[in-house]
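To start, the structure under review is shown below, and the notes come after it.
Bear in mind these aren't lab numbers, they're just calculated from the coordinates by the rules spelled out. Quantities reported herein were computed from a predicted structural model and do not represent experimental measurements. Cβ placement follows ideal geometry from the backbone for every residue including glycine, while neighbour counts extend to all protein chains displayed.
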């Protein structure tokens, strides 16, 4: 009996290190989003107040946000997954086309360990986080850059924050809709059946 | 060789689209910073127009959607009304005085229409403020010759502000009771706030409850956290906004 035929056994999806990278990044991102909301949404600002404290929390959580991923680079499994997220094959084009046409059939959405949507999300959120970090630092250490830059940085920081908020909501929404995917991130293992259905080209 | 190719993970090969998306996002961010001044003025026009016809008020939540933003440094701010509100004038004065809201309303009122400029960048054009000139309250209290500055305290229990005596005596500095031709609401610092027209809006302390005449400037809340004490719009805090007064 081959392993692939056994549908009850779990498949290893994420190492312990990878799960901790995700967990700590999620927690820091959560602090950033919540404090941002308390600084920005008038009703929340009115409710919470304590502006100096909220600003400090926001700044330090933002500064720490890339640290888990950088630390994760020490892990071979994490680096291997970054490699998988980076590379796009012909099947990813098929997946994206199906997504654009709202074709939800599994056979129209071939995917390796990560589908094309996850790959684009990972690359975009990494870039967006660094843009937020850079513009955030320009607003924090105001004497480091010329004045015009600071106003511009605020502009980019505000609009990108709104965009990240929407994209993150999508990320969390999709996780909420897929308990097995959440189990993979929580325990590191997914069912064989799920892996075959959602990631048909993945050969763990 | 066949076996060797098979051994390498096919998922590790292919076009590095991820890297391109990552670098592209960084590039767009940098481009955004460069193009921001142009984009910002365009969006302010667009969103300002939309906000005028928006009954939901959602446009106000968008960046550059226009209007005031609420900032409070305290955990919660008590509410004061005509019965409970008091404004105390003390320090280096001959006649320390406590005003009720009715007392302040009975004094001659001055109305001014100027732009409001926040140090964080937002600006609300042509905002009417109405209230008693600070100089009138100072004259009534009889400022002593040794006095050099004013310290303002607020009933949120935390915020403080300062002005030199010379700044405080300007005709465009008010103890404001009304804003946008309405009585000052709680979230705008009501029932009474300071209004320092020529300076960044953090000088216009909300929920004003104390005016203490002192012999030197004692930096206020944000000034202890790095903001300029002399906060002239366009000539301080490293900003070059158009002056408001």
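Sorted from greatest to least, the principal axis extents spanned by the alpha carbons of chain B come out as 99, 41, 33 Å. When the P(r) of the range B:100-240 is calculated, the portion above 22 Å amounts to 33% of the C-alpha pairs.
Rounded to the nearest 10 degrees, the angle from helix A:16-40 to the longest Cα principal axis of chain A is 40 degrees. When the Cα atoms of the protein assembly as shown are aligned to their principal axes, the ranges along those axes come out at 98, 41, 40 Å in descending order. Each residue of chain A gets 153 Å³ once the volume of the Cα convex hull is shared out per residue. Per residue, the average separation of C-alpha pairs within less than 8 Å and at least 6 apart gives the range B:106-245 a relative contact order of 26 percent. Against chain A, whose longest principal axis is taken from its Cα atoms, helix A:51-64 shows a tilt of about 40°.
From the alpha carbon centroid of the range A:46-108 to that of the range B:122-178 is 50 Å. Peptide A:35-46 shows a mean partner chain C-beta count of 3 within 10 Å per residue C-beta.
At R0 = 25 Å, how high is the FRET efficiency between residue B:230 and residue B:94 if r is their beta carbon distance? Nearest 0.05 is fine. Efficiency for this residue pair is about 0.35.
What angle do you read, to the nearest 10 degrees and between 0 and 90, between the alpha-carbon axis of helix B:17-52 and the longest principal axis of chain B? Value to nearest ten degrees: 40. Its convex hull of Cα atoms gives the range A:1-107 a direction-averaged projected area, equal to a quarter of the hull surface, of 11.4 nm². Calculated from the alpha-carbon coordinates, the range A:75-179 shows an Rg and a Dmax of 17.7, 55 Å respectively.
In deg cm²/dmol, rounded to 500, what helix-only [θ] at 222 nm does the protein assembly as shown give when every DSSP H run of at least 4 residues adds -39500 (n - 2.57) and the total is split over its residues? For the protein assembly as shown, the value works out to -14500 deg cm²/dmol. What would the Debye formula give as log10 I(q)/I(0) at q = 0.17, 0.20, 0.22, 0.24 Å⁻¹ for the alpha-carbon point model of the range B:93-183, no solvent? So the normalised log intensities are -0.88, -1.18, -1.35, -1.45. For the range A:42-98, the fraction of alpha-carbon pairs lying more than 13 Å apart is 75 percent, rounded to a whole number.
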